[in-house]
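Student: Starting off with a structure, shown below.
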Amino acid sequence: MASSTSSVITLKINGEKHTLPVDHRTTLLDALRERLDLTGTKKGCDQGQCGACTVLLDGRRAVACLQLAVAAEGREITTIEGVADGERLHPVQQAFLDLDGFQCGYCTPGQICSAIGMIEEHAAGWPSAVTEDVRPEAGPPPLTADEIRERMSGNLCRCGAYVAIVEAVARAAETHPDEGHATLAEGTKETVA
Ligand code: FES
Ligand code: FES
């Protein structure tokens, strides 16, 4: 029941609507995990620093621990449970599996959601902090290992699976229809320090 501190909200998650009462202070992460049993999204730091809780909001990546559930009403929320196409894994999921882009797997749902958003951002021509030529006419930069590392730097992996994560993201990016220019650039297989 709604009160001055709680509201009944409807969240659209992976194409399905869920109506639930929430305290206004409930984060999207806690609503997903504790209220809706969508435990694929992980809680690491709970303060926006590790990326384990990354989901997609209207197709853009966001850390669910810094998002209030009430503020997510009316948005398209995609969690790791919703990225596959039925039985067919998303190309990013497949690449992580094929290239062993994980060890314990705790950071993996966040890494995958983040990579999905990152590949879209890159294909749309967004520069990163390591992009040398940021003029709009320069177009998207080659998706080098440095570009991937920088763009995925909000997602930490305590197991240190970064080498394989970079390779998996690069391979998945090659399958994106707008990423013809972004072939696995020289240096993508360099060791990550
Ligand atoms: S749990 Fe959200 S960023 Fe760490
Ligand atoms: S695979 Fe263990 S934290 Fe990343």
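Each reported figure results from applying straightforward, stated rules to the coordinates on display, with no laboratory input. Being a predicted model, the structure only gives us computed values, none of them experimental. Backbone-built Cβ (ideal geometry, glycine too); neighbour counts: all protein chains shown.
Student: Please give every one of the aspartates and glutamates within straight-line cross-link reach of K42, meaning a C-alpha to C-alpha distance under 17 Å, and leave out same-chain neighbours fewer than 8 residues apart.
Tutor: Straight-distance partners of K42: D30, E34, E81.
Student: Using a Gaussian network model of the chain whose springs link C-alpha atoms within less than 10 Å, name the residue from E121, E73, E137 with the highest mean-square fluctuation.
Tutor: Sorting by GNM fluctuation, first place goes to E137.
Student: According to the Kirkwood expression over distinct Cα-Cα pairs, how big is the hydrodynamic radius of the stretch 42-192, in Å?
Tutor: One over the average 1/r among Cα pairs gives 15.6 Å for the stretch 42-192.
Student: If all Cα-Cα distances of the stretch 6-82 are sorted into 5 Å bins from 0 onward, what percent lands in each bin, rounded to whole numbers?
Tutor: All Cα pairs considered, the percentages come to 3, 18, 32, 29, 14, 3.
Student: Q47 versus K17, label points 7 Å from Cα toward the beta carbon: distance in nm?
Tutor: Between Q47 and K17, the label points sit 3.9 nm apart.
Student: Right, something else. Express the relative contact order of the stretch 91-174 as a whole percentage, based on alpha carbon pairs under 8 Å and six or more residues apart in sequence.
Tutor: This gives 50 percent for the stretch 91-174.
Student: What distance in nm lies between label points placed 7 Å from Cα along the C-beta direction at V8 and C104?
Tutor: 4.1
Student: Hey, another quick one. Using only the C-alpha atoms of the stretch 91-174, find the volume of their convex hull and express it per residue in Å³.
Tutor: Hull volume over Cα atoms, normalised by residue count, gives 76 Å³.
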